[in-house]
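Since the structure comes first, as structure tokens, the remarks are kept for the end.
The values are calculated or read from the model by the stated rules, or taken from the named source; none is laboratory data. Note that this is a predicted model, so its numbers are computed, not measured. Every residue, glycine among them, receives a Cβ derived from its backbone with ideal geometry; neighbour counts consider all protein chains shown. Just so you know, the surface numbers come from the protein's heavy atoms only, side chains and all, with ligands and any DNA or RNA stripped out. Shrake-Rupley method; radii C 1.70, N 1.55, O 1.52, S 1.80 Å.
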Amino acid sequence: MDKETEYVIPSTTDLDRGGPADSETSSRGGLLRSLRVRRPRPASGVVASPQQPAPHPVPSQSTSGRGVGRLLRHWQLLAAAVVPCLILAGIGWWLWPQQPTNGPPHIAAGTVQADLLDPDSVSRLAGTTVVASAQSNRPHDPLTVSPSDCTIAAGPTTQSVYGQAWTAFVSATYKDAGATGAYTVNQVVGVFRDSDKADAAFSTLTKGLNACLSSTRTDQDGRTSKWTYKAQPSTQVAVAWTAAQDGNANWACSHQARVNGTSLVQVSVCQAGDGQPTAAKLADELTRKVSR
């Protein structure tokens, strides 16, 4: 019999006794029999296991497919809204009118560029219409010329005169409105660290003019031209001279130079005929602007 269901039975000694003890023992035995309770046991070989948590439901393939479909529809709607905007923006950028690039550049006040006479002022003083052409912010290299003593006379606005000691420089050329090359005006302003260096550059210019009567100049394309120079007597602050091209229908360039404090300015007027009166007026006006 399984131990878990064993009954409690009085011993045979107690049962064989007589008298009151037998009666008492018999009563206890009846009570015990009435209180017998079989405790339940699990079936043999069956072991109760602890309760396991219910597993999470695994989404079915159809549920997963619906989620992917919603995501794809979301991106399709987003692309449908953004792509047309990008296309319209690209078309607008392509068709947007470009700003004109041939307008006058912005010139800061107080610079050498601001000291130049504008085309309208030059046209008024020269009595003919000119328009802006080339401009440079540094002197050009010395010219190739023969004899070499004429380097300054042939290139008075180059490094042969201004060297490398300048602190600010501008050279601007205006031409006739018809762009025929029949009229050309050139302005140059070179500023030095002090008046001594400006005076030295002016002295270099006047000495070079006095050292040369004529020269043969070679341009970058290898073409040569012959020029004759005639300088007027110079003062401490001004000099004028003419460079006439031989055999070219009285074509000449009339030059004026002024030294004013730390600045050396030059003006040239090239035309068929005498341009000295116009060059003198332009040089005077330019010098007044530079001295402000």
Between D149 and D219, the two model label points (7 Å from Cα along the beta-carbon direction) sit apart by a distance in nm of 2.8 nm
So, with a 1.4 angstrom probe, what is the percent of accessible area on the stretch 161-238 that is carbon and sulfur? 49 percent
For K197, the lysines lying under 16 Å Cα to Cα, once residues fewer than eight places off in the same chain are dropped, come out as K207
Cross-link reach list, lysines versus K175, counting only Cα pairs under 27 Å and skipping chain neighbours closer than eight places: K226, K230, K281, K289
Solvent-accessible area per residue for the stretch 173-292 (1.4 angstrom probe, square angstrom): 49 Å²
Just to make sure I understand: if all protein chains stay in place, what is the order of D176, D219 by accessible area at 1.4 Å, largest first? D219, D176
Counting Lys +1, Arg +1, Asp -1, Glu -1, what net charge surrounds T158 among other residues with beta carbon under 11 Å of its beta carbon? 0
For L78 and T167, FRET efficiency with R0 = 51 Å and r from the beta-carbon atoms, rounded to 0.05? 0.25
Given a Förster distance of 25 Å, report the FRET efficiency between D118 and H140 from their Cβ-Cβ distance, rounded to the nearest 0.05. 0.65
What figure, in Å² to the nearest 10, do you get for the accessible area of L77 with a 1.4 Å probe and non-protein molecules left out? 130 Å²
Out of all Cα-Cα pairs in the stretch 235-291, roughly what percent, to the nearest whole number, are more than 19 Å apart? 30 percent
